[in-house]
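Step one of this worksheet: look at the structure below.
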Amino acid sequence: MAEMAEEGFVDVSKGQDGGLLKKILVEGKGEDTPSPGSSVDVHYVGTLHSDGSKFDSSRDRPGTFKFDVGVGQVIKGWDQGILTMKRGEKCILRCRSDYAYGQNGSPPKIPGDATLNFEVELFDWKEKIKSPAEMTPEERRDHATKMKEAGTEAFKQGDFATAVNRYEDGVEYITFDPDSDFGGHSHGGMPCSSGHGDAAESKPVELSEADKQLALALLNNCAMARLKNKDPDAAKFDCTKALQYDPKNIKATFRRAQAEFDLHNFKACQEDAARTLELDASNKDAEALKRKAADAEKKEKKQEKAMYSKMFG
């Protein structure tokens with residue numbers, strides 16, 4: 001135990017046997033912690049306690065790491081330790097070998113009987129709920145509405161990543177197609193029926209008018225949260241999906257123009273801004289964005305011309 005513990009570490013093992021220690025690096029928000037079975041969203045960096053060498057890191061790969069906590073999908077130290085964390089918390093979980101990979105280790109990077117340190121950041125979690133296929137249409141609509149409300153609350157607080165998570169969850173449930181193998185769109189562990197690059201080619205699910213309006217609100221809100229979260233490519237996908245349900249939707253058209261601008265697709269930005277003005281001639285934001293994109297395109301062409309002149313002049 002003495003070799004495991006250092007200043008700032010506390011024993012968070014269920015049996016208080018010293019096998020799982022935790023040191024908080026960044027305090028979390030609120031008092032809530034995940035319950036067993038929750039789908040958690042984390043980043044981690046794993047190192048050997050013996051020499052500090054890194055053996056794995058989710059930060060070296062695109063996206064965060066998602067899994068169901070407390071149900072045996074990960075090592076014992078994670079199953080117990082992450083259940084003690086608050087939203088936004090970053091900590092070190094020090095796992096003795098019997099809370100990690102035991103006597104055999106995980107060759108070639110983790111030797112047997114190794115104590116491991118994990119720097120873990122917990123972004124968010126979702127309580128375990130029924131899958132879309134297990135719900136009735138009314139239940140799916142109720143859940144999507146709750147996710148819309150939760151996303152809007154997170155957006156108001158400036159927590160755009162959580163807002164995206166909630167809106168995206170709502171989209172997955174309200175656009176679920178019971179006649180196909182998969183429904184909706186998700187990045188949180190559920191099957192994804194279509195990629196971001198082929199939104200224009202996929203056929204939208206048939207929805208009632210009320211469900212269509214809910215889907216549009218979720219997609220438009222998600223696009224705005226993604227723009228705030230500096231993810232214009234995904235925002236563009238959401239807008240394109242929304243426009244499949246309503247080709248004349250002003251919000252989706254304008255937000256796609258904003259996404260195109262952030263992606264430096266200035267011609268496409270101008271086209272969507274012009275389309276927005278066709279739908280709403282008094283839209284000053286669209287008019288300003290169209291001019292801004294035209295200026296940016298001219299500047300970009302000028303820079304390219306100067307570069308080629310230096311290369312071949």
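The values are calculated or read from the model by the stated rules, or taken from the named source; none is laboratory data. Bear in mind that the values here come from a model prediction, so they are computed numbers and not experimental data. All Cβ positions, glycine included, derive from the backbone under ideal geometry; neighbour counts span all protein chains shown. Accessible surface areas use protein heavy atoms only, side chains included; no ligands, DNA or RNA. Shrake-Rupley method; radii C 1.70, N 1.55, O 1.52, S 1.80 Å.
Just wondering, is there one or more residues in the range 111-119 that are free of Cβ contacts under 8 Å to residues at least 24 places away in the same chain, in contact with a Ser or Thr (Cβ under 8 Å, 6 or more places away or on another chain) and at positive phi?
yes
Just to check your reading of the model, which residue among ALA281, ALA252 is within 25 Å of the chain's Cα centre (by Cα) and either open to solvent by less than 40 Å² (accessible area, probe 1.4 Å) or without any contact (Cβ under 8 Å) to a residue 24 or more places away in the chain (or both)?
After ruling out the rest, the residue left standing is ALA252.
Please identify the pairs in which a residue from the range 123-145 that is within 23 Å of ASN220 (Cα to Cα) and open to solvent by less than 80 Å² (accessible area, probe 1.4 Å) has its Cβ atom under 7 Å from the Cβ atom of a residue that is among the hydroxyl-bearing types (Ser, Thr, Tyr) and assigned to a helix (DSSP H, G or I), counting only partners at least 6 apart or on another chain.
From the range 123-145, the pairs are ASP124/THR162; PRO132/TYR173; ARG140/TYR173; HIS143/TYR173; ALA144/TYR173.
Going residue by residue through the range 69-86, is there one that turns out to be at negative phi, open to solvent by less than 20 Å² (accessible area, probe 1.4 Å) and in a strand (DSSP E or B)?
no
I'm checking my understanding of the structure. Among residues of the range 87-119 that are touching an Asp or Glu at 6+ places or on another chain (Cβ under 8 Å) and of a type in the set (D, E, K, R), which one is most open to solvent (accessible area, probe 1.4 Å)?
Once the filter is applied, the top-ranked residue is LYS109.
Does VAL26 satisfy being among the β-branched types (Val, Ile, Thr), within 24 Å of GLU7 (Cα to Cα) and open to solvent by less than 80 Å² (accessible area, probe 1.4 Å)?
Yes; evaluated as a whole, the condition is true for this residue.
Hey, GLY158 hits all of (1) surrounded by 19 or more Cβ atoms within 10 Å (Cβ to Cβ); (2) small (Gly, Ala, Ser); (3) without any contact (Cβ under 8 Å) to a residue 24 or more places away in the chain but one; which does it fall short on?
(1)
Please determine whether any residue of the range 43-62 is outside any loop (DSSP other than H, G, I, E, B), within 26 Å of SER131 (Cα to Cα) and either touching a helix residue (DSSP H, G or I) at 6+ places or on another chain (Cβ under 8 Å) or open to solvent by 30 Å² or more (accessible area, probe 1.4 Å) (or both).
Yes: one or more hits.
Pull up the range 232-249, narrow it to residues that are among the polar types (S, T, N, Q) and not in a loop (DSSP other than H, G, I, E, B), then point me to the one that is surrounded by the most Cβ atoms within 10 Å (Cβ to Cβ).
Restricting to residues being among the polar types (S, T, N, Q) and not in a loop (DSSP other than H, G, I, E, B), the top hit is THR240.
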